[in-house]
Structure formats: structure tokens, C-alpha cells
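Values quoted throughout were computed directly from the atomic coordinates according to the rules given, and no laboratory measurement underlies them. Please read these numbers as outputs of a predicted model, since none were measured by experiment. Here the Cβ is made from the backbone with ideal geometry for all residues, glycine too, and neighbour counts use every protein chain on show.
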Amino acid sequence: MFSGVLRAHTTASRVTSKAVFQYSSLNGGKFVGCNLQRGFHGWGNVPMGPPDPIFGISEAFKKDDFPKKINLGVGAYRDDTGKPYILPSVQTAEVELLKQDLDKEYLPMTGDAGFRTEATRMAYGDVYDSIRDRLVSAQSVSGTGALLLSSRFLSKYYPSKDIYVSNPTWGNHKNVFSNAGLNIKEYRYYNPVTKGLDIEAPNDSIVLLHACAHNPTGVDPTHAQWNDILRVVREKGHFVLLDMAYQGFASGDFARDTYATQLFASNNIPMFLCQSFAKNMGLYGERVGCFSALTASPEEAARFESQLKILVRASYSNPPVHGARIANFILKNKNLRSQWANEVKGMAGRIISMRQALRTILENDLNSKHSWKHITDQIGMFCYTGLNPEQVATLSKDWHIYLTKNGRISIAGINSSNVRYLAEAIHSVTSH
Ligand code: PGU
């Protein structure tokens, strides 16, 4: 064992600090530790963090070797054999792209321009042509990346730092927003007394809304309720942050799921939109998304875009290329695009049939004394079951069925082979 002394000089202050490095001859001469005489003394101040409420469940599920285990935690589509589903349209696009022998050069900071055009056109539908010269967009690192850009931009330039999210909402909204320096406030999404939507926030607030397939409740506003929300947003001067992670999964139809986006855009509500292609193209790990901002004029759009580029450059420089190419290829190719639409319809349809199957077994076969109507009333990938944390814990401990503590189940994880086992488990934990 011997010690070496390293002197580091900082040119700015001319301060010299000493660091004593220890090497161990017993450890093959490898560096085994560093003891700075001043300043840093290791990460003793770093507390152990909790596991992620959604991805932590996948980790627990993986460790379980029970053959009938079920993962209903993460919102990731599975086919009827419980396997991840690679969409045939995506496979075709990848094969065609490979033939083109494309390079892997950096994308511009705001990403692939063709992809951004196609993605935003799909989200804003008929309104797109009338707003395109005021719309600023950036390809994002999936939906989460779009939310990150939104919240960092708002934190820097929006006058209020309070953001109102529905109670409940997707858990990671709060992490992303608070990391960007925004203060999380909640509005009561559903008022059980009026059986209506309840969005209470002071004037000029930032309000996060789920464009379709609300996560975790699976309860979306009706068109009439969206119109009411628009009225309130207008009267109170709110800024709308629209999260659209599930276009196509609410109704099985891309166009029908754009009601909220089109409503706000056509009424010139100041808004950001966060799109994800994780679910509807099954491109989870490719991280394909799009951030867009509706501004007041082309001149404002130009200033906004200049700052957006600076923000992207400082965050991750430029987005990944492969997934956006796949999405763009599908969106631009008429035949492939309609094939994709059918594949999404198929996924949405399988989810609906699993809702029906689960409810039927619980109510008709097992004679549950509870109503399970909400399983089929709710839409999108999730069902907010109403199971309490204790029942959720029993499901994982005794039945090897994994779901988030708030009682949300990802219907996409249910299939014809496990639905009965799941129904029996739910019946068992709700029978006492
Ligand atoms: N917004 C909402 C409402 C979401 O549910 C999700 C994903 C995202 C954005 C972000 O998805 P990206 O993959 O970044 O595009 N929620 C899923 C997936 C797992 C997770 O928590 O990220 C879920 O299970 O809730």
C-alpha cells in the first residue's frame, strides 16, 4: 500500500487543494479510494430513495418466479399471449429504412422536421393548416421529454410557477414538474357530489389536462364537458398544458381522440402539447415524442423557437434519430398509415374485450357483491379499480399479481389465459 499526493490548481482563484489517493498493491495496483483533505467527503449525505411507483413494480415482478404471476403495473401493451407486441407496420418501416442505408448523423436540435410536421398534423387534425405558421415544435425524448421541455420553458418564462394537475394523475407528472422548479397544485378531477368535473384553479394558472384516455382514472370528459372546460379556461385566462400519451387508445380512432387538442387550438388558447408514440406505435424504448407550442404570431414563434433550441441544446443537445424515422415513415406512407390505424384499432379492441371479460367473470361467474361496471365504463389502457393499498399488497403477496398502489391496473397486461385467475384474485381480496 502506498499513497500519492495530487496537487490540483484552479487558475481562476489560484487555490491549491490536496487530494490523497490510495492505491493498493494487494488489489492489483487499482485505485481503491480517494480522501480529499478538504471539501468533498463522499456521498454520505445522499439518502436512499424509494423505488419508482411504476417501474419499481416491473422490477419486483421480474424477481418473482411464480408461473402464474401477472404484471398489471406499467402501461405497456401485451398481446393475447402476454408478449410485447411489435406492430407489423413498425416492422415494415424498419425493413424499408434499413434498405435506405441512412447515416447516423446528428439531427437538428428540434429534431426531424418531417416527423414534427406529420406528428403535429396528426394531433391538431383539421385545425393544423390554420395554425401551422404559429406552431413551434421539437421532437422530444418521448412524452416525458416533451413534458420536461414544457415544464422547463414554463419555469423560465411563464409568470406563475404554480401548475395544477388532476388528483389523481400520472405519478411522474409531479416529479417532472417539480424538478423544473414548478409548484404542484391539485384540482379535484371528479366531483362525486355533482358527478362532474371539478377544475378549480386561480386565474392565469397553468393547468395540465390529459387530452384523452386519462391516466389513471380512465375517465375522460365528454365533449360537452370539454366545452365547459374551454369556457373556464377562457374566463380564467389559464395556460393549458395538454398531455397526449394515448392518441388512438381512447376511442380506437386517432381523429376522434383529437377533440380536446382541436378545441383549444381552434379557440387560440395559449397551449403546449406533449405527444408520445410509445403506446400507439409500441415504440416505448425508442423514445419518440413531440413537443409543440401554439404561439400568437409567426414572429413570436420565431423567438420562442430560438429559446427552445437553447433549452434543448443545454439538456440533451439533439434527440435520437431511429424511432422518429420509423414514425415519420409510417405517417407519410398512405398504405402503411392505414395499416397502422387498423393495428391500433386492434389493440384498443383487445383491451375493450378484456375489460368485458374481467367484469363478466367477476359479476356473473363469481357473483361478486360489488358492481364492476366501471371496468367497462372506463376507457384507455387503465382501469382505476377502487382496490385499496392493503388489497393491492395482498394481490402481490398472495397472488403474485402486481399493480400500482393506487389500485390502477393496466388492462393491456390481461389476456384470455390469465383473466380468470385475475378475477378470482380480485374477488378474493374484495369478498371480506
Ligand atoms: N404521460 C402520461 C399520462 C403517461 O401515462 C405516460 C406513460 C407518459 C406521459 C410518458 O410516456 P413516455 O414513455 O415518456 O412517452 N405512462 C406509462 C408508462 C410507464 C411510465 O410511468 O413511464 C404508465 O404506466 O403510466
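Residues of the range 229-246 with an amide N closer than 20 Å to a point placed 7 Å from the Cα of K185 along the Cα-to-Cβ direction: 229-243.
Among beta bridges identified by DSSP and lying wholly in the range 106-332, the antiparallel ones come to about 45 percent. Counting only Cα atoms, the size of the range 79-174 along its three principal axes is 49, 40, 31 Å, in decreasing order. Close amide H partners of F239, meaning residues 5 or more places away or on another chain with modelled amide H under 5 Å apart, are S205, I206, V207.
Computed over the chain, the per-residue total of -39500 (n - 2.57) for DSSP H runs of n ≥ 4 gives a 222 nm mean residue ellipticity of -12000 deg cm²/dmol, rounded to 500. The DSSP beta bridges internal to the chain are antiparallel in roughly 60% of cases. Listed by Cβ neighbour count within 10 Å, with the fewest neighbours leading, H400, H210, H223 appear as H223, H400, H210. Among the helices of the chain (complete DSSP H runs), which have Cα atoms covering no less than 15 Å along the helix axis and a Kyte-Doolittle mean of at least -1.0? Helix filter hits for the chain: 88-99, 113-124, 142-157, 223-236, 298-315, 322-332, 334-360, 419-430.
One quarter of the convex hull surface built on the alpha carbon atoms of the range 226-305 amounts to 6.1 nm², the projected area averaged over directions.
Measuring max minus min along each principal axis, the C-alpha atoms of the range 388-432 give extents of 26, 19, 15 Å (largest first). Across all Cα atoms of the range 206-343, the radius of gyration (one decimal) and Dmax (whole number) stand at 16.2, 44 Å. Step through the table entries K174/K345; K104/K174; K174/K279; K309/K332, compare each Cα-Cα distance with 27 Å, and write down the pairs that go over it. Beyond 27 Å between Cα atoms: K174/K345; K104/K174. Around the amide H of N183, modelled in the peptide plane, lie the amide H atoms of D162, I163, all under 5 Å away and 5 or more residues distant in sequence or on another chain. Expressed as a whole percent, the proportion of Cα-Cα pairs in the range 277-432 lying more than 24 Å apart is 53%. With all pairs of different C-alpha atoms in the average, the Kirkwood value for the hydrodynamic radius of the chain is 24.0 Å. Under 5 Å from the amide H of A211 lie the amide H atoms of D243, M244, A245, each residue being 5 or more positions distant or on a separate chain, with H modelled from the backbone and absent for Pro and chain starts. In terms of overall dimensions, the C-alpha atoms belonging to the range 106-332 reach 53, 38, 33 Å along their principal axes, ordered largest to smallest. What is the distance in Å between the Cα centres of the range 88-127 and the range 205-260? Centre-to-centre distance over Cα atoms comes out at 26 Å. In this simple spin-label model, placing a label point 7 Å from the Cα along the Cα-to-Cβ direction at both T376 and M48 gives a separation of 4.6 nm.
Relative contact order for the range 106-332: 32 percent, from Cα pairs under 8 Å spaced at least 6 residues apart, divided by residue count. Of the two radii for the range 174-269, the radius of gyration is 0.95 times the Kirkwood radius, both from the alpha carbons; that is the Rg over Rh value. The Cα-based radius of gyration and maximum Cα-Cα distance (Dmax) for the range 317-393 are 19.0, 57 Å.
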